[in-house]
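The structure under discussion appears below in the form of structure tokens.
The values are calculated or read from the model by the stated rules, or taken from the named source; none is laboratory data. On a predicted model such as this, the values are computed, not experimentally measured, just so you know. In this analysis, Cβ positions are derived from the backbone assuming ideal geometry, glycine residues included, and neighbour counts consider all displayed protein chains.
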Amino acid sequence: MNRILVAGIMILMMASCVPSKQYNDLKASQEKCEADRQELTNNNRKLTADNDELKADLESISKKYAELKSDTIDLGREMRITRKKQKELDQRNKELLDRLNDAQTKGSEENRKLVKYLRDTQEELLAREDRLRELEKQLNTKEKRLNDLEGELKDREARVQELESIIAEKDAAVRSLKDRISNALLGFKDKGLTVEQKNGKIYVSLEAQLLFPSGSTAVNAEGKQALLDLAKVIKDEKDITILVEGHTDTDPFNGSGAIKDNWDLSVMRATAVVKIMTSEGSMDQTMLTAAGRGEHMPIAPNNTAEGKAKNRRIEIILTPNLDKLFEIINE
């Protein structure tokens, strides 16, 4: 099979140009990839924003809950003080009535004073009773609102905990996959291959010198082995999407045939990697997307040979499926 593949590649290299339809298909694949990448980026930003908003809501509700609880405590304290004063007024009223009965024989002037004092005391008592009823009404309202907030707070906390649990589960799965990939590709560590985890994704970067001869889109034997080792680890992962990106330096492409510039070269190299991982690595074709970024996403300055070598690369980006998170957020 390898001999047939090499012969096919040799025929392709000797041809003066690639058919226009194939070139257009590659261009269309690259444009679709860019759209998918942008959609993933937007979804990731939306997820982060929604999660932050949910946490902000939870913090606001917690603050309201604390304020309402404090108000309820104050109302309860005031109601207890009012009840105490009411008892004191009841006692004073009783004493005044007793004094009034005793003073019936002591003259009208003292009686008028006692009557006035009794009337004032009774009015104050009635006012206290009205205030007590109002306080009880407010307390009942506050307690009902407090119960409602407690329920809402528990619901919010449950959603946040569920989100954080799923995020932690995803992060753990990504870390585990990253470790397995690193171990599988350990032999290529000092040959221009790196494995990183950032922004919830895994980035496998292979410098062009590990995969391709200069200016070529044909993967060499060592590069093919690295791709097959990677495919063996990730081919059974059903909960990820994989983007294969080709990158170049800023040196103009001087070849001939169907490849006109660095952008063409990056697309065709990404496509060559995808074909090896699917045809020889037995990966599901629906899991991978090939794209070319040309010279437009450098990771090092292009004014040194070392920087250019880092920029000439293939990046294989593994992104976890976040559908379950979006379902929870949209509930």
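Against the definition (over 17 Å from Asp36 (Cβ atoms), part of a helix (DSSP H, G or I) and modelled with pLDDT of 90 or more), how does Met277 come out, yes or no? Spelling it out, Met277 is indeed over 17 Å from Asp36 (Cβ atoms), part of a helix (DSSP H, G or I) and modelled with pLDDT of 90 or more. Can you report the number of residues in the range 134-182 which are in contact (Cβ under 8 Å) with a residue 60 or more places away in the chain, under 30 Å from Leu230 (Cα atoms) and basic (Lys, Arg)? Going through the range 134-182 one residue at a time, the tally reaches 1. Ala290 - would you say it is in a helix (DSSP H, G or I), touching a residue at least 12 places away in the same chain (Cβ under 8 Å), crowded, with 21+ Cβ neighbours inside 10 Å and not acidic (Asp, Glu)? Spelling it out, it is not the case that Ala290 is in a helix (DSSP H, G or I), touching a residue at least 12 places away in the same chain (Cβ under 8 Å), crowded, with 21+ Cβ neighbours inside 10 Å and not acidic (Asp, Glu). Considering the range 243-284, the residues that are within 20 Å of His296 (Cα to Cα) and free of Cβ contacts under 8 Å to residues at least 12 places away in the same chain include one that is surrounded by the fewest Cβ atoms within 10 Å (Cβ to Cβ), namely Pro252.
All of (1) in contact with a Lys or Arg (Cβ under 7 Å, 6 or more places away or on another chain); (2) assigned to a helix (DSSP H, G or I) hold for Lys308 with one exception: (1). From the list Asn311, Asn302, Asn254, Asn262, the lone residue that is within 17 Å of Cys33 (Cβ to Cβ) and in the same structural domain as Gln197 (by TED's automatic domain parsing) is Asn262. Taking the residues in the range 219-242 that are outside any helix (DSSP H, G or I) and in contact (Cβ under 8 Å) with a residue 24 or more places away in the chain as candidates, determine which candidate is farthest from the chain's Cα centre (by Cα). Here the residue is Val219. For the range 149-160, the count of residues that are under 30 Å from Tyr203 (Cβ atoms), part of a helix (DSSP H, G or I) and under 26 Å from the mean Cα position of the chain (by Cα) is nonzero.
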